[in-house]
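To keep things clear, I will list the structure first and then write my remarks on it.
The values are calculated or read from the model by the stated rules, or taken from the named source; none is laboratory data. The structure displayed is predicted, hence computed values, not measured ones. Ideal geometry is used to build each Cβ from the backbone, glycine not excepted, and the neighbour counts take in all protein chains shown.
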Amino acid sequence: MVKWLDNTGVEKDVVVSTRIRIARNLKGYRFPPRMSIEESGKLTEKVLNAMKDFSGNGDYRFIKMNNLSSLDKMAFIEGHIISPGLIQKPDYSSFLLRNDENITIMINEEDHLRIQSLLPGLNFERGWELCNKVDDFLEENLDFAFHENFGYLTCCPTNAGTGLRASVMVHIPSIVMTGYINSLIQGLNKIGLAVRGIYGEGSKAVGNLYQVSNQTTLGDREEIIIEKLNNILHQIINKERAARRTLLEDRKDEIKDRVFRSLGLLKYSRIINSKEAMVHLSNVRLGREMGIIDGIEYDDITKLIIEIQPATIQKSAGQDLAKEERDVKRAELLRKRI
Amino acid sequence: MLCQNCNQKNATVHYTKIINGEVDELHLCDECAKGIDDFDTSFSFHKLLTGLIDSVQTEAMERQDSDIKCSFCGLGYREFKKTGRFGCANCYNSFKGKLIPLLKGIHGHNTHVGKVPKRANQDIIRRREIDRLREELDLLVAREAFEEAAVLRDKIKELEDQLDRG
């Protein structure tokens, strides 16, 4: 599970993952929310044909939404491999997943195509390169809906232009603890960046994890959108690191207590729900970030954050589990790995 | 202060609405605030977007609304206003007159300057290339690299000729 983490990335003490996606639509087809099922089938065929000769870039598996159990679907969402929007109309939707899970090509989400790259740590350059390469290849074989002034035409006008959304997941416990988070969110909103919880729009922030992404997609070149986000991100990284230093100086005993209590809970609990586990994993990560504990890698914690989610835990157990059973399994998994 | 709605609990949500200079104040408890449509705490992006679509509407547009339907997918502008989603790429043409202020409202811009698909109209690709070369030319001139600048200038000229011949 969670193959996409086996990759390089920097600033991992703050940045958990980098995701980039571009939205594309084909000329001559209605957008997915209004298309017929026949139309969606034809379009899928066309995309698969276009991808057939895409070689030398890893192998892709083709997965149809209506061939997946609801547990499988949820597990792909929890692993950030697909977006929640892709399971809305399972008879229409499918996706191509590269074997290393760094690239997903979603077919018939809200747009005909959503090309996504997903990498651990901060890695905009590689992320954009991966998306761009797939896009370059596809646009040689497919006619994309494009307008000279409006750019790539998308189902929702908020994606028009470049169709590009770059999103970075950050772990910023010290910014939260020092009470700076609200003004950070407001500041980011003012300069056109969105801040969301870990499962996208409308989801709550848990475990001090936030997703920062660009809100506007029209009017700047792709590279500039990414560069702007990158610059802001470095400021967030520096702010978080400075806050960590201050906390470690001013509230050392309190922080250490928090980290070790969480470590104890994760090591010895017999029943734990996902929300509680997220809180303690966040504290343990903070302990690693502050140098209070070692012997646990950042990516291992990210992996655990995904593996303790409800669907993923049932999938690895190989069966549907009631909530109480999941909480037992989760505690078991955490004891084994921490 | 007690909640204006139930008059039982303490008002914890204080809400001031100012529309065209008219001030409206509300003091509510948490629970009553949740029930008020105006104060939906889960401020969804979708609601913000459809609100924006309304705000770029003028009265004249409003009157024509019922008439505008996309010629390819049949989506009406009214429906678009409700959902915030286009039905097909042709909607961008069908609703073109209304889109420029809408896109400007969302993005702060209304002109795409990014990537152009390889199979797009050749003229678009040429115009983009000319824009890019002109920027480069300015840089060269600023650096006083006149020989390189001359090469670039010829290249721009050639592209412009191709554009004229169409």
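Every test in (1) closer than 20 Å to residue A:24 by Cα; (2) at pLDDT below 90 is passed by residue B:117 save one, and that test is (2). Out of all the residues in region B:139-160, is one or more within 35 Å of the chain's Cα centre (by Cα) and within 14 Å of chain A (Cβ to nearest Cβ)? Looking through region B:139-160, none of the residues is within 35 Å of the chain's Cα centre (by Cα) and within 14 Å of chain A (Cβ to nearest Cβ).
When each of A:269, A:262, A:316 is tested for being surrounded by 20 or more Cβ atoms within 10 Å (Cβ to Cβ) and of a type in the set (Ser, Thr, Tyr), the lone residue that passes is A:262. When you check residue A:24 against the structure, is it crowded, with 22+ Cβ neighbours inside 10 Å, under 21 Å from the mean Cα position of the chain (by Cα) and within 14 Å of chain B (Cβ to nearest Cβ), yes or no? Considered against the rule, which asks whether it is crowded, with 22+ Cβ neighbours inside 10 Å, under 21 Å from the mean Cα position of the chain (by Cα) and within 14 Å of chain B (Cβ to nearest Cβ), residue A:24 comes out as yes. Within region A:48-70, the residues that satisfy the criterion of being modelled with pLDDT under 95 and among the aliphatic types (A, V, I, L, M) are A:48, A:50, A:51.
Checking A:325, A:307 one by one, the residue that is of a type in the set (Asp, Glu) and either assigned by TED's automatic domain parsing to the domain that holds residue A:71 or touching a residue at least 60 places away in the same chain (Cβ under 8 Å) (or both) is A:307 and no other. In the condition set (1) more than 20 Å from residue B:109 (Cβ to Cβ); (2) outside any strand (DSSP E or B); (3) in contact with a helix residue (DSSP H, G or I) (Cβ under 9 Å, 6 or more places away or on another chain); (4) more than 14 Å from chain B (Cβ to nearest Cβ), residue A:105 is compliant with all but (2). Each residue in region A:29-48 was checked for being within 8 Å of another protein chain (Cβ to nearest Cβ) and among the hydroxyl-bearing types (Ser, Thr, Tyr), and 1 pass. Put simply, of A:112, A:147 the only residue that is touching a Leu at 6+ places or on another chain (Cβ under 9 Å), touching a residue at least 40 places away in the same chain (Cβ under 8 Å) and surrounded by 18 or more Cβ atoms within 10 Å (Cβ to Cβ) is A:112.
Let's see how each residue does on (1) over 21 Å from the mean Cα position of the chain (by Cα); (2) more than 21 Å from residue A:144 (Cα to Cα); (3) part of a loop (DSSP other than H, G, I, E, B); (4) among the small types (Gly, Ala, Ser):
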site: A:43; (1), (2), (3), (4): yes, no, no, no
site: A:54; (1), (2), (3), (4): yes, no, yes, no
site: A:71; (1), (2), (3), (4): no, yes, no, no
site: A:77; (1), (2), (3), (4): no, yes, no, no
site: A:81; (1), (2), (3), (4): no, yes, yes, no
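Would you pick out the residues in region B:147-166 that are out of contact with any helix residue (DSSP H, G or I) (no Cβ under 8 Å at 6 or more places or on another chain) and not aliphatic (A, V, I, L, M)?
Selection gives B:147, B:154, B:157, B:158, B:161, B:164, B:165.
Taken together, A:285, A:245, A:251 contain a single residue that is in contact (Cβ under 8 Å) with a residue 40 or more places away in the chain and not hydroxyl-bearing (Ser, Thr, Tyr), which is A:285. All of (1) exposed (fewer than 13 other Cβ atoms within 10 Å of the Cβ); (2) at pLDDT 95 or above hold for residue A:226 with one exception: (1).
Residue count for region B:94-153 satisfying the condition of being assigned to a helix (DSSP H, G or I) and either closer than 23 Å to residue A:138 by Cβ or not polar (S, T, N, Q) (or both): 41. Residues in region B:100-121 that are surrounded by 20 or more Cβ atoms within 10 Å (Cβ to Cβ) and either under 20 Å from residue A:112 (Cβ atoms) or charged (D, E, K, R) (or both): B:112, B:114, B:115, B:116, B:117. Is there a residue in region B:125-136 that is exposed (fewer than 13 other Cβ atoms within 10 Å of the Cβ), in contact with a helix residue (DSSP H, G or I) (Cβ under 9 Å, 6 or more places away or on another chain) and at pLDDT below 90? No, that holds for no residue.
The single condition among (1) over 20 Å from residue A:196 (Cβ atoms); (2) in contact with a strand residue (DSSP E or B) (Cβ under 9 Å, 6 or more places away or on another chain) that residue A:168 does not satisfy is (1).
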